[in-house]
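Below is one structure, written out as structure tokens, with a few remarks after it.
The values are calculated or read from the model by the stated rules, or taken from the named source; none is laboratory data. All values derive from a computational prediction rather than experimental measurement. Counting neighbours? That spans all protein chains shown, and the Cβs are built from the backbone with ideal geometry, glycine included.
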Amino acid sequence: MSRRWVTALLCLLAVVAIACEEGGEAGPRPSDGPPPRGDSPRSIAALGDSITTGFGSCVVLTSCERNSWSTGDGLRVDSVYQRLLDQDSGIRGRAANHADPGARASALAGQAQAAVRGKADYVTVLIGANDACRRTVDEMTPVSTFREQVDRGLRVVKEGRPKARVLVASIPDLNRLWEIGHEDSRAVRAWRTGICPALLAAPTSTAEADVARRATFGKRIDAYNSQLAAACRAYGSRCRYDGGAVHRVRFTADEVNRLDWFHPSAAGQDRLAEVTWRASRLAT
């Protein structure tokens, strides 16, 4: 046999041997699902108000954290936490919800301290609705004060968990609530109990003063969102603003609960989870 053929035969045997090793059972089988990401968060903390606690998304007007868009672990909402869990099981059981019904931006620093103590790798922030939902327009948190309080809260995270990533969500378009509910007697009846009077007082009125009040309310939400975006930019590269994605959601009546006609239903929470997840760019 010529040297050329001997060489070719040896090469062929080597290729076969390598193929057999790779196809054999000596090594471990790949695990189900995607492999863990080296930079995937191993814990998540939620900061904010009643929207993030899932308030009203169950059968009573109270917090229902299993339906939270951020950290929920229930069956009806595919939360940010559960989407992270699908990518990396290392985060299992490490979701903390520090949001509090009625919280305004002034409470953000305290919530951030809790997230730092819990060693959060990923922090979601949705705050500002209660700063606008005061008894009157004049009582709404001034824009400059709102910014100072947001900065203070974010600074706690940055100093305590400098490697953590932060997602700042825009405030939903609360004026949309009036649009979809002001002609529904059930919504009007619920709002008359005193829900967000700066926006929803006299919901059926078309008087010039009431129209102007609603417009002023909407502009204050826009101003808050601008400050949230600016605060996130000032934080640095580890903070991501959603670009107004949550505010642009044109939610439907089915995405608002039927108890107070203000907070998201489970379907609304799921919609928030989907929008914020896309904005986070954490998907593999």
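Among the residues of the range 72-96, the ones that are under 12 Å from Pro41 (Cβ atoms) and among the β-branched types (Val, Ile, Thr) come to 2 in all. For the range 228-254, a residue qualifies if it is over 19 Å from Leu272 (Cα atoms), surrounded by 20 or more Cβ atoms within 10 Å (Cβ to Cβ) and within 16 Å of the chain's Cα centre (by Cα), and exactly one does: Cys232.
Filtering Thr216, Thr193 for residues that are in a loop (DSSP other than H, G, I, E, B) and either modelled with pLDDT under 95 or over 30 Å from Val156 (Cα atoms) (or both) leaves a single hit, Thr193. Specify which of the listed residues (Asn257, Asn225) is buried (at least 19 other Cβ atoms within 10 Å of the Cβ), closer than 30 Å to Glu148 by Cβ and of a type in the set (S, T, N, Q). Going through Asn257, Asn225 in turn, the sole match is Asn225. Within the range 122-144, restricting attention to residues that are over 21 Å from Thr53 (Cβ atoms) and in contact (Cβ under 8 Å) with a residue 40 or more places away in the chain, the residue that is surrounded by the fewest Cβ atoms within 10 Å (Cβ to Cβ) is Thr136. Restricting the range 89-103 to residues that are of a type outside the set (A, V, I, L, M, F, W, C) and within 17 Å of Val123 (Cα to Cα), which is surrounded by the fewest Cβ atoms within 10 Å (Cβ to Cβ)? Of everything passing the filter in the range 89-103, Gly93 is surrounded by the fewest Cβ atoms within 10 Å (Cβ to Cβ). Of the residues making up the range 208-222, those that are free of Cβ contacts under 8 Å to residues at least 40 places away in the same chain and of a type in the set (A, V, I, L, M, F, W, C) number 4. Taking the range 248-279 as the range and being assigned to a helix (DSSP H, G or I), of a type outside the set (A, V, I, L, M, F, W, C) and more than 27 Å from Ser40 (Cα to Cα) as the test, the residues that pass are Arg248, Asp254, Glu255. When Cys11 is tested against (1) farther than 30 Å from Arg258 by Cα; (2) at pLDDT 95 or above, just one condition goes unmet, and that condition is (2). Residues in the range 108-119: is at least one without any contact (Cβ under 8 Å) to a residue 40 or more places away in the chain and crowded, with 18+ Cβ neighbours inside 10 Å? Looking for residues that are without any contact (Cβ under 8 Å) to a residue 40 or more places away in the chain and crowded, with 18+ Cβ neighbours inside 10 Å, one finds none in the range 108-119, hence no.
Any idea which of Leu199, Leu282 is buried (at least 18 other Cβ atoms within 10 Å of the Cβ), part of a helix (DSSP H, G or I) and of a type outside the set (Ser, Thr, Tyr)? So the residue among Leu199, Leu282 that is buried (at least 18 other Cβ atoms within 10 Å of the Cβ), part of a helix (DSSP H, G or I) and of a type outside the set (Ser, Thr, Tyr) is Leu199.
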